[in-house]
1. Excluding Asp86 itself, calculate the net charge of residues whose Cβ lies under 15 Å from the Cβ of Asp86, where each Lys or Arg counts +1 and each Asp or Glu counts -1.
2. Taking region 1-96, which GluC sites (Glu not before Pro) meet the DSSP loop condition and have no more than 13 other C-beta atoms within 10 Å?
3. Can you compute the modelled spin-label distance between Phe207 and Lys262, with each label point 7 Å from Cα toward Cβ, in nm?
4. Please go through region 46-75 and write out the trypsin sites (Lys or Arg not before Pro) that DSSP classes as loop and that have at most 11 other C-beta atoms within 10 Å.
5. Treating only the Cβ atoms of Lys and Arg (+1) and Asp and Glu (-1) as charged, compute the dipole magnitude of region 3-198 about its Cα centre; round to the nearest 20 debye.
6. Pop a pseudo-label 7 angstrom from the Cα along the beta-carbon direction at both Asp12 and Asn329 and give the gap in nm to one decimal.
7. Counting pairs of alpha carbon atoms under 8 Å apart in space and at least six apart in sequence, what relative contact order in percent does region 207-335 give?
8. Ignoring everything except DSSP H segments at least 4 long, calculate the 222 nm mean residue ellipticity for the chain; use -39,500 (n - 2.57) per segment, divide by total residues, nearest 500.
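Taken together, the values in this text are just the output of simple stated rules run on the coordinates, not laboratory data. None of the values given here were measured: they were computed from a predicted structure. With ideal geometry, Cβ positions are generated from the backbone for all residues, glycine too; neighbour counts draw on all protein chains shown.
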Amino acid sequence: METARAVRAIKDLVADTSRVLILTHNNPDPDAVAAAFGLKALVEAFGPRAVIGYGGIIGRAENRAMVKQLRIQMFPMDMVDPEEHDVVAVVDAQPSGGNTPFGQKMRTDIVIDHHPLREGMPDVQVLDVREEYGATSTIITGYLHMASVEWDENLATALFYGIKSDIGDLSRDSTRADHLAMRMLFPTISHNLLTRIERPRIPAAHFLALRDAIGNVQIFDDVLVCDLGTVDSPDMIAEMADDFLRLKGILWTMCLGECDGKLNFSLRALLHGSIAGPVAERLLQGVGSGGGHDRSAAGTMLLPEDEEARREIKAQLIERFLQALDRQNAEGRYL
Ligand SMILES: [Mn+2]
């Protein structure tokens, strides 16, 4: 959907309502948080009050710093009742993606996203999915600009960081639209706040987890795999997948971990035009949900209670991952 039309459709939809709920994908990343924060500003400029809800947790130290430093109010899903809201929006995700709090069990009115369009998209009033964009925050920045809604320092910094982190060199491709949005936001951002978000203080648990992870790293040619065992937060898995991709000679990383009875994994690829998203989707076809972009993807599935069965599932997943990359014959070695 084109920006002017989307803004008009959102305005028509919310102008005579009083409460709008904005949801992100579970365990929201900076782009999801910023997109929700920006859409809230847009919606509130049209009249109603907007509330941001999220499933899972705000896990990474950077993400927690972002929410705190920029004073972004977000509520865990058990504190939010969709029934009490007139309009429900989903940003940086799709209701049929299997990674939003209520999925398709809930009526959705607005979907704004930059992930590949999923099958089974329900009928929504406003559907703006721009696969080619580096960030959902870019789309939202365009809306705010179009509607002449001014951004303050906190909102500008949030959107700027949302875009920057999604198009960062460990993530995915960017377009001119992303660069243009960042240039528009740049004069208003706070560099001091941005630094506090990007280099947050880190708890000792992170370094302890890193120490344990290093011992479990296995390298197959240019592919690094690391089973982190049980982790406190699924975001730890993404962080390690990012970190290990910096290792010389490595083109792909896969980090896995167990959390709350689920197996989560993150894939990262160094080169443009890789196929991380499709690989993640294929690995979990029929047993869980996976997907993402060309250089960054993730997946999650339920695990059985039985320890032996869990080990077997993880071993199979790693084997199939190596097969997908044609590295199944590579000799594994430790770091
Ligand atoms: Mn995103």
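1. Net of charged neighbours comes to -2.
2. Here the GluC sites (Glu not before Pro) that fit, given the DSSP loop and packing criteria, are Glu2.
3. Simple spin-label model gives 3.1 nm for this pair.
4. Sparse-neighbourhood loop trypsin sites (Lys or Arg not before Pro): Arg71.
5. 320
6. 6.0
7. It comes to 23 percent, rounded to a whole number.
8. -12000 deg cm²/dmol
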